[in-house]
Each structure stands twice: as C-alpha cells, then as structure tokens.
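Bear in mind that the values in this text are calculations on the coordinates, not laboratory data. These numbers come from a predicted model, not from an experiment. Cβ coordinates were reconstructed from backbone atoms using ideal geometry, including for glycine residues, and neighbour counts include every protein chain displayed.
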Amino acid sequence: MTETPTDQIWDVIVIGTGMGGGPLGRWLAEKGWSVLYLERGPQGHPAARHDLNYEMGDPVARHVRGYWPTPIQATINGKSFSFFAPIGSGVGGSSTFYAGALERPEPHDLDHSEARPHPTGGWPVSYAEMQPWFSAAESMFKVNGTPDPLGESDGTLDPPSPPRRDEAALMQKLAANGLHPYQGHLCFHRDEDCPTCKETRCPKHPKMDGRTAGVDPALATGRAEVQVNTAVRKFIGDTDHVSRVEIETPDGVETLSARYFVLAAGALASPSLLLRSQSEDWPEGCGNSSGLVGRNLMFHMNEMFALWPPRSARTEGPTKAIALRDLYFKDGQRLGLIQAMGIEARYGEIVHFLNLAFDRSPLRKLTWLRQFTRIPALIASKLFGSAAVFVGILEDLPYPENRVIVNSDRPDQLAFQYDIAPELLKRRKTFRSEIRKTLRGMRWVFLNHGPELNYGHACGTLRFGSDPAESVLDPNCKVHDLDNLYVTDASFMPTSCGTNPSLTIAANALRVADHIHKTLSRQKDCKND
Amino acid sequence: MIDPRHDIALVTGAGSGLGQALALELVQKGLSVIGFGRRDSALQDTMSKAQSDRFVPMVVDVADSKAVEQAFQSIEQTLGHVTLLINNAGIYPRRDIFDETGASFMEVVGTNLGGTVSCTISALLYMGETGFGRIINVSSFADMAPLPASSAYAVSKGAGRIFGAALHADLHDRFPEIIVNTWMPGMLATDMGIQDGLDPAIAAKWGVGLALWHDPSLNGAIFEMNREVPAPRGLKRKIKDLILLRRPPKPRVVEV
C-alpha cells in the first residue's frame, strides 16, 4: 500500500468494531465500498481467552487484553464511585467478551398496542420492518437454538447440538413446572464430536462476534482496513456536515476524511465523543440540538439464581443452552428473559457470589469474616453438586436524568449519572416474586440480594425517533442535525427491551448499512448520469 | 501420551550435556526435534547419537537475537511450527570479579538470559496464534547463594527465573494453554556441572516428562529435578489454611 489511511477519502469510516461497527463495515465492504474501521484498542490475539478480570487495574495490562483501560466514573443514586465495567476495547469490542446469547426482542419491545402499551409510544421502525434484519443478523452470526415455544416467529436458526443429559433434565423439570424452556439462541456451537470444542476458543467453531463475523470478513474483501490503537478525539465539520475526525494514535494527532461516518463506540463512549466535539457550529456538542445526547441511559437489572438439576442428573458442565420467556411480559408488566449464564456454580463460584454479597453487606468492614463464606459454599456444593447459574434480564426504561456526562477535568474518562427509578424497583420485586413462584419445588437460590445493574448492557443514549426535538437520530439512525453521520451501537435504542441487546444491535447495524449502501449507490448513479 | 497438538520441539544448546540428553530423549519419544547450538561438530555428535532423521541440527548462537529470528523464520518455512521450547543453552565461565569486564559480564547475560528471551519471543509468535504451547526454562539455584567467581552466571540465571515469572504474568490469563515452567535439573555430571553429579540422561527423562505434561494448572510452577517446588506460604496463610481445614497442596511429581 502506498496510500496511507490519512491521505485517502474513505467511503465510510466506522468508529468502533463491536456489534454495531463490525457487521456494518462488513456489509458495506462486501457491497464494494471502501471502509476504514477505527479501533481504540489493540489488534489482539485471536487465540487469547477473553475472560473479564475485574481485579486487573493496570491500564497497560488492561489495554493489551482488550479491556477498556480506565475505570468508569459513576454516580448512582447520588453516590459517586469508579469501577471497571465489562466493556471491551480492541478489535471486536465488548462482543469478544459477551456470553454469545443472540436473542430476539419481542414485538411489544418495539411496537405499541392497546394490550401492551409502549413506554415511548413505539420505536420508529416496527418489529415487522426489523424482521428481515433479525434474520440477516442471525445468519451472519450463525445463530443456533430451538424456537421459543411461546413466540410467534421462529427466527433463522441453525439446529443446535442436542442438549446434554443434565440440560435435558433441567429443561424437563422446568417444563414440569409449567414453563416453556427452549435451547437458547447462541452464536457459537458446541459440537460433541469436535475435539477442540471444549476449549473456550475452538479454532474450528469460533464464537461469532464483532470481529469474527464482522471485521475479519470485511478485511477479507480487500476493501476494508482496520486502524488499531486509535482513539477518536472529536468530529470536525460545519452546521450540517462532518468533514473529518481527529484521531490520536501512538504516532500523534491527525485527521481522517470520509464521505460517511458511522459512530459505533458503545452507548457510553459514543455520546461522550459527541459531547466533546464542541465547536462554534456545535456549541452543545455534535448532533445535540435536541439536548438529548447522552440522556435516557438504560441498563438491565440482573436477577441471578443458581438452579440445581433434579437428583437423577448431576451437572456436567457450564451451560448457556437454556432460556425461557414465561416471565417476559407478565400481568401487564415488562419483565424479561431468563437464561442460563454459562457459569457452573461449583464451590469456587458459590464462594465468589457469597463474597460479592458479603462485600455489600453491613459486615463488610470485618474483612476476616469474609473467609467464612467458604463454609456454606462447601456445604452447598457437597450436598447438591454444582448448579447452573441463571439470570433474569429485567427491562430498564428511559429517564432523561439518567445520562452520560463529560467530566471536564478528565474528558477522556467515561462517566455517567443514574438513579434507580422507584418504578424499576417495583418491577424488580414483581420479577423476583414471579421467579420464586416459577421455581417452586425446585432446588435453587437467588445469588444477588440488592439491585444489580448490568453495566455491559448500556443503551439508549442517542435514541432514534421521527421528531428531531425528541430524539438524536432519525429512523435510519442518521443524526438529525447532520447529513453524513450515523450511529449503530446500542445508543439508538429508545427502550432497552427484555433481552440481551446484541442481536438487536447487529440487526439494526445491517439495516443502517443497507441504507448507507443505497445512498452511496444513488450518489454514484447521479455522478454517472 | 503426547498431546496431538504438538508439532516440533526445539532444544537450545543441544550439542552437549543436558541439552544433548534432552534432544535425544525427545527424539526417543517420537518427536521431531530441532537442536540449536554454536558448534556444528557438537551438533553432529548429537545427530549421530540420535540415529534418527527426526533430529535436525541448526547452527545458531542464541545470543544473536537477529540470528534467532531468522532461524525461526526458516523453521516456519521449511519444517513446521515450534510448539515445545526448552531454553537450555547456557555458558558458565568461572571468572573472579576482578577479571570481569562490563562486556564479558554482559556476554554471559546475553547467552543465558538473552537467548531464553529471544527464543521465547520467537516461539510465542506462533504459540500466540493457536493458544497452545509448552516452554521450559532450564534454571538453577545459582542465584540463591552465588558461588565465588560466578557473578555473571548467577545474575543471568536468577534473571531467567524472574523472566519465567514475568511470562506467567503476561500469559496465563490470556493463554492458559501456553504452559511455562522453570526447571532446575539438579547437579549434573556435565561440563558445566560436577564430576560425581547426576547422569544427564536421567535428568533429561524428568525434563522431557515435564515438557510433555500438558496441564494448564502447571502454569508458572517451578520444578526441581522431578518434583514441584511448592510456592512459599506465609504464616498468615498457614494459619488460615489451618482454620479452614485446608491442606497445603501436595507438590506434584513428574511421571517418567
């Protein structure tokens, strides 16, 4: 290559390589457009394991492992603290760590109806319009699983491996309790005949994520490139157009140019970047004439429980293969999906969960007591063998006061403020009591007592909508104020839905990619005329 | 049983002593073995003893990092991938500190530590692609209580063990199946050892036994002869273990 990325005017520059950026860049590169991905983190090693390690605090060590290098500054219910969130920074973004559950939302997550009124009146794109894009994303990520027996649409699913004995026993037991379990929709395959499938990263059956399903195939077209270790500092442009992005690399600061820009840095980093892109034309930040950039931040709330299989079957290993939607929408309340987390609660894991609970309890100052969580854990694991850990994903709703903020002293540090809504706590209570009713007669235990936000599921901070006063993005996820800037990470979501956001992000990214492709094609045709 | 993911073994300093014995033992076990050494004649000796075309000699001075890089490139192009590396090459010139110069000192460090570092970095390029590999760093207790007239050797060997610990810190969470161990073979009857020491062929059985033992829980462990050297436990830890009825882990033993 003689041309460096700096000289070239790319058709599309994509900021971020996770679930929003990866698949979009692939779609465009495969349609023939030149694509440059900008990634803050490193290239990474495809064979490396990506287990999040919250105890690793060194920013350099975090960077090379693809973790977001610095702590997040949070103010929750008025209390400020900083912590390491499960956010990735590296090719593939946070998706290199994700559990790989690619579940569809339900129609009522997007659509308004009399029976199930939508909190925002409905998304600007209906469930029916999203259907083909859910299917496209399911194919791209090779999603396998069995259809939800309670659902209307089956999805485009590959057949899963047959359930293990312990999984089958758990599913039977759940079914006997009147529930409707199905084999969860996963973007990786467990092939019993494959000798390497027991490993975290099977080279023959890799987990499909932003890198393996997005960036890698995009690079294979020869029309895409990825520039790693590149932090985007701000957008540069005038009232209605972005002309360049200013980037910082180990070699210094420079600017890059493209016809279209797609922001997919994640629901915390994307609004932060727009807010930091202040200029004479954009006094409140880029794309912020509505004042809504960064607002309506949502997380899910996790309700975790350990569930032991019936006596006839011992747990044979971690499972992610079970999901159920019996409590997704209950008695007029928006609750959410329940799914196996891929964690086997053996002695060590039970100790870990008990320790987390201990750290929040009033006894936490008596650190020596923490050792004794081992005793109940030992008893539980001896009595019951190991359990499967499940999580209920409780939908969060948008409030404008919950938002991403920019800390003027440390503008590069991600920061947010969030108050847990009383309404959410009320639904949480319902969710927990419904879980209790649901599991009656089974051996199980809640693993968290206090409310537990899922910081990996941030969304909603650049919501899309038809009214420029009420939303940041238009229905095509183009920033209302600008003619060539799109956003495709979880920021676009007006509500958080009752399920993992990955599939929705990827499906929407493909929908937007196709819109950009058509726009670029029209411009090309005009030139040719 | 040898892990089927193994491709080629590489032993540095394979022309004589422990290195030769390790190479021969690996050939005996059925592996293809590349032997690095400075002297062609010595490598030819190993070759004739191996009586097998599974031993491939390569004249490489491990102190020359460029030469190491090139050697690994040519291995990749012609022979395959190094999945098992035994960093054995070492020199042990006896020199009083009055006879040492900065340059002579660093020459020893360059071979003993620099060779280990260069070979490890080159081998990791491929191991990092697959996430599978085995690295054994041959070490000694020379740094614990250095003998007179062995400053450079003692420093380089101590640093080698620290390098092993640093590798562990860099790799074990991301690459649990690239297993790194430090191994102290014992006092051997070799040119570098003592006259009435241990037969290097016996030590080589332990070394190869350890090298072919593929268990991620071994990561970072230190072995002396055929036994694991348990990590030191502080008093606090001992009391805690006592209260919680936890027995200290038994040191593991290499099966030969």
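Ordering B:91, A:393, B:86 by the number of other Cβ atoms within 10 Å of each residue's own Cβ, fewest first, gives B:91, A:393, B:86.
Each of B:250, B:157 has some number of other Cβ atoms within 10 Å of its Cβ, and from fewest to most they run B:250, B:157. Straight-distance candidates among the lysines for linking to residue B:240, with alpha-carbon spacing under 26 Å and chain neighbours fewer than 8 residues away dropped: A:365, A:382, B:250. Cross-link list B:49/B:205; A:173/A:320; A:478/A:518; A:330/A:437; A:31/A:234; A:31/A:518: which exceed 21 angstrom alpha carbon to alpha carbon? From the list (B:49/B:205; A:173/A:320; A:478/A:518; A:330/A:437; A:31/A:234; A:31/A:518), the Cα-Cα distance tops 21 Å for A:31/A:234.
Of the residues B:105, A:235, the one with the fewest other Cβ atoms within 10 Å heads the list, and the complete ranking is B:105, A:235. Kirkwood radius and radius of gyration were both taken over the C-alpha atoms of chain B, and their ratio Rg/Rh is 0.97.
How high is the FRET efficiency from residue A:60 to residue A:379, r the C-beta distance, R0 41 Å, rounded to 0.05? Walk me through the numbers on the way to the answer.
Values: r = 42 Å, r/R0 = 1.01.
Once the sixth-power term is evaluated, E becomes 0.50.
Listed by chain and number, the lysines whose C-alpha is less than 23 Å from the C-alpha of residue B:66, apart from same-chain residues fewer than 8 away, are B:157.
Taking amide H atoms as placed 1.01 Å from N in the peptide plane, the amide H of residue B:32 lies under 5 Å from those of B:9, each 5 or more residues away in sequence or on another chain.
How large is the Rg to Rh ratio of the protein assembly as shown when both quantities use alpha carbon positions and Rh follows Kirkwood?
On the way: Rg = 29.6 Å, Rh = 29.1 Å.
With Rh from the inverse mean 1/r over Cα pairs, Rg/Rh is 1.01.
Couplings for segment A:331-341, taken from phi via the Karplus curve 6.51 cos²θ - 1.76 cosθ + 1.60 with θ = phi - 60°, read 6, x, 10, 8, 9, x, 6, 10, 8, 6, 8 Hz in order; Gly and Pro are left as x.
Along chain A, the longest continuous region that contains none of the GluC sites (Glu not before Pro) in a DSSP loop with at most 11 other C-beta atoms within 10 Å is A:402-529. The stretch between residue B:70 and residue B:121 holds 17.1 nm of extra length on full extension. This uses 0.36 nm per residue minus the Cα-Cα distance.
Give me the percent of DSSP beta bridges within the protein assembly as shown that run antiparallel, rounded to the nearest 5. Antiparallel: roughly 50 percent of the beta bridges in the protein assembly as shown. Contact order for segment B:27-144, expressed relative to its length and based on alpha carbon pairs under 8 Å spaced 6+ residues apart, stands at 27 percent.
Scalar couplings 3J(HN,Hα) for segment A:71-80, obtained by applying the Karplus form with A = 6.51, B = -1.76, C = 1.60 to θ = phi - 60°, are x, 8, 8, 10, 10, 10, 6, x, 9, 9 Hz; x denotes Gly and Pro.
Between the residues B:10, B:207, B:88, the greatest Cα displacement towards the positive end of the dipole of segment B:8-243, with unit charges on the Cβ of Lys, Arg, Asp and Glu, is found for B:207.
Under the rule that an exposed site lies in a DSSP loop and has at most 11 other Cβ atoms within 10 Å, name the longest stretch of chain A with no trypsin sites (Lys or Arg not before Pro) of that kind, not counting the sites themselves. Could you put the intermediate results ahead of the total?
Values: sites that count: A:198, A:204, A:311, A:440.
The reported range is A:1-197.
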